[in-house]
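The values are calculated or read from the model by the stated rules, or taken from the named source; none is laboratory data. Bear in mind that the values here come from a model prediction, so they are computed numbers and not experimental data. Don't worry about glycine lacking a Cβ; one is built from the backbone with ideal geometry, like all the others, and counts go over all protein chains shown. With ligands, DNA and RNA removed, areas are computed over all heavy atoms of the protein, side chains included. Shrake-Rupley method; radii C 1.70, N 1.55, O 1.52, S 1.80 Å.
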Amino acid sequence: VQLVESGGGLVQPGGSLRLSCVASGRPVPSSGMAWFRQPPGKEREFVASINYYGGSKNYADFVEGRFTISRDNMFNTVYLQMNSLKPEDTAVYYCAREKGYGGSKIYTQYVDWGQGTLVTVSS
């Protein structure tokens, strides 16, 4: 399965961005999906996950209600809507596909990764 992210860029503090991740493969498995991020000089960390059916979502504590993960299985796409962005949200954001379908928070449960999209929050 190939994952391709888009939607990153430069945004001012308080602004919004919507990240997208399109999965391709034959067929695309029925999997949980997640977003992770890697801030400059830091380790990769969990941001949000969603189960295959979209009814169960998990968020990192630092999200604080600012981000929303969603998916459209008809188009094999996962989204991350990010509002009220802060400078500390600056990172490369990665989309990942879970080996299962539950939407785990655990890094090792994810088997396919995108190339990442850079989000920079700065004035």
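State yes or no: is residue 30 in a loop (DSSP other than H, G, I, E, B), closer than 21 Å to residue 2 by Cβ, in contact (Cβ under 8 Å) with a residue 60 or more places away in the chain and among the small types (Gly, Ala, Ser)? Yes: the conditions hold for residue 30. Of the strands (runs of 3 or more DSSP E) lying entirely inside segment 51-123, those carrying at least 1 residues that are modelled with pLDDT of 95 or more and touching a Pro at 6+ places or on another chain (Cβ under 7 Å) are 91-98, 117-121.
A single member of 14, 7 is exposed (fewer than 14 other Cβ atoms within 10 Å of the Cβ), modelled with pLDDT of 95 or more and of a type outside the set (Asp, Glu), and it is 14.
Within segment 92-123, the residues that satisfy the criterion of being open to solvent by less than 60 Å² (accessible area, probe 1.4 Å), in contact with a Gly (Cβ under 9 Å, 6 or more places away or on another chain) and closer than 21 Å to residue 16 by Cβ are 92, 93, 94, 95, 116, 117, 119, 120, 121.
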